Each structure stands twice: as C-alpha cells, then as structure tokens.
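Structure first, then comments.
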Amino acid sequence: MLDTTLPGATRRRVWAHPDVSSHSLVVLTATRLYLAPLAGAPRAELVAAIENGGNLEELLGPLAVVVELIAVRRLRLDLLRNTLTAEYVSGGLGTSGLTVVFATSEAADMCFTKFWRRLGDGYRLQPYQRDPWALARPPLLLLLGALLTTAALALALSAFEDAGPARAAALRENDPGAGVLRPEPKGALERLLDWRVVCAGGGLVAGASQVWLYRRFTQPPQALEVMRD
C-alpha cells in the first residue's frame, strides 16, 4: 500500500517521540494516518526520510497502524490530557479506535487541527454542551448543607443561651443561700460555638459554594470533537 500524495501536494506532517508520548512516530499524509509503536525516539535520518517522501510502509515496518482518513467517523481532542482519539471504520466489520497522547498541548492542538483540516468539509465541530444539573449539583448541595447546618446550630445555641437565666433562677430557688450566681467565664470551645460565630462560618461556606458554582459554569471546554455529517 503506497501513499498517493503527489509531488507538491499537501506535505506530510510528522510528530516524533518525545513530543508524542504514546508512539515513536505519528505521520499524517493527505489520505492516511500512520502510527509507529513506541520504541523510543526515532533516528533523525528516519524522520528526514519520511519528510522527504520515502515509502512509509518500508520505513515504518509492518507493526505500524495505518488508518485511511476517509474511514474516520469521529475525532476528539481531550484538552486536559493532551490526548487525541479517533473512531474509524475497520475492514467493513465495525469500528475501531486509536489513541495518541502528546507531551504538550501545542503538539496536540497542532495535530488535531491538521487532522481535522485533512478530513475535509464533511466533518463539523460539535457544539460543546454540558449537563447544567451535573455542573450545579455539587455546589448547590454544599450550599444547601451549609444553610441547613448553620440554621440548626444557630437556633440550638440561641435557645441554649436564652435558657441560661431560667437555669440560674432554678438554682436560686433550689438553694436560697446561694445569692446571686455569677456566670462562669466562657472557655475557648464555648466562645467558638457562639451563634454569631456559627452564622459567620456558614456565610463563608455559602459564599465559597457560590464562587464554585460560577466557576463551573464559566470554565472553558475540556474537549473538542469533530464528527462526520
């Protein structure tokens, strides 16, 4: 099988290890994608021979994976992991997939752009849509939990403080000789559990959850996907 790129036509694009983490070489021609298995960084003369139009089947050997671009149905770039995945028709018996991992975002972006361009006009970039409920659920659950916990603690502590005079009066009735009972100084834990401190802490958590919610809805896409029309 020979690459049919004519002299002067779209030139080959080559990415080599270590720019490619998953393979030794990735070669993109006008009609095919070649993936050489990982065996370390390729020799400089091999890369030069490929770029100068050498026979790819002979240069890359029988272990190289060859994919016809016309057989590709879907192309996806994971922007977080710098990973390119493609789904393609394999021998008319179903679909197969391939994965290429790049060391840098620049190399991954370049390969995705060139790959998409050579697929032709029959492929479209899919709109990036995320489930609003899946995005909002964690921050909203945190906000709801903070509000309910704060309200419950504040009410309990306020009721406990309001019951203080009643408890003191009950002690005087049971022990008339005690006179006026002075409240004991509050310890660190009691001061921390003051209802005002609890409300302030709950407000901080509620504010943080709202910032988290905003960031989740305004974060950039995590992946780009191209599919055949």
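When region 70-98 is limited to residues that are in contact (Cβ under 8 Å) with a residue 24 or more places away in the chain and in a loop (DSSP other than H, G, I, E, B), the one that is surrounded by the most Cβ atoms within 10 Å (Cβ to Cβ) turns out to be ASN82. Of the candidates TRP133, TRP116, the single residue that is out of contact with any Cys (no Cβ under 8 Å at 6 or more places or on another chain), open to solvent by 40 Å² or more (accessible area, probe 1.4 Å) and at pLDDT below 85 is TRP133. Filtering region 99-147 to residues that are within 23 Å of GLN219 (Cβ to Cβ), of a type in the set (S, T, N, Q) and not in a helix (DSSP H, G or I) leaves THR104, GLN126, GLN129.
Which residue, of GLU190, GLU184, is farther than 30 Å from SER105 by Cα, exposed (fewer than 11 other Cβ atoms within 10 Å of the Cβ) and modelled with pLDDT under 65? Walk me through how you get there before you give the answer.
Details: GLU190 fails: exposed (fewer than 11 other Cβ atoms within 10 Å of the Cβ).
Only one candidate qualifies: GLU184.
ARG216 fulfils the conditions (1) at pLDDT 80 or above; (2) surrounded by 15 or more Cβ atoms within 10 Å (Cβ to Cβ) except for a single criterion, (1).
Out of LEU79, LEU35, one residue alone is at pLDDT 95 or above and within 30 Å of GLN222 (Cβ to Cβ). It is LEU35. Applying the criterion of being within 35 Å of the chain's Cα centre (by Cα) and surrounded by 13 or more Cβ atoms within 10 Å (Cβ to Cβ) to the residues of region 39-49, the residue that is farthest from ARG12 (Cα to Cα) is ALA41.
Output the residues belonging to region 44-58 that are in a loop (DSSP other than H, G, I, E, B) and free of Cβ contacts under 8 Å to residues at least 40 places away in the same chain. Outline the logic, then answer.
Quick first cut of region 44-58, residues in a loop (DSSP other than H, G, I, E, B) only: 52-55.
Scanning region 44-58 gives ASN52, GLY54.
Among residues of region 101-113 that are of a type in the set (Gly, Ala, Ser), those with a beta-carbon under 7 Å from a residue that is loosely packed, with under 15 Cβ neighbours inside 10 Å at least six positions away or on a different chain give the pairs ALA103/PRO18.
Taken as a whole, region 59-69 holds at least one residue that is under 22 Å from MET227 (Cβ atoms), in a helix (DSSP H, G or I) and open to solvent by less than 20 Å² (accessible area, probe 1.4 Å).
The values are calculated or read from the model by the stated rules, or taken from the named source; none is laboratory data. Everything numeric here is computed off the predicted structure, so don't read it as measured data. With ideal geometry, Cβ positions are generated from the backbone for all residues, glycine too; neighbour counts draw on all protein chains shown. To get the accessible areas, we keep the full protein, side chains included, count just its heavy atoms, and leave off ligands, DNA and RNA. Shrake-Rupley method; radii C 1.70, N 1.55, O 1.52, S 1.80 Å.
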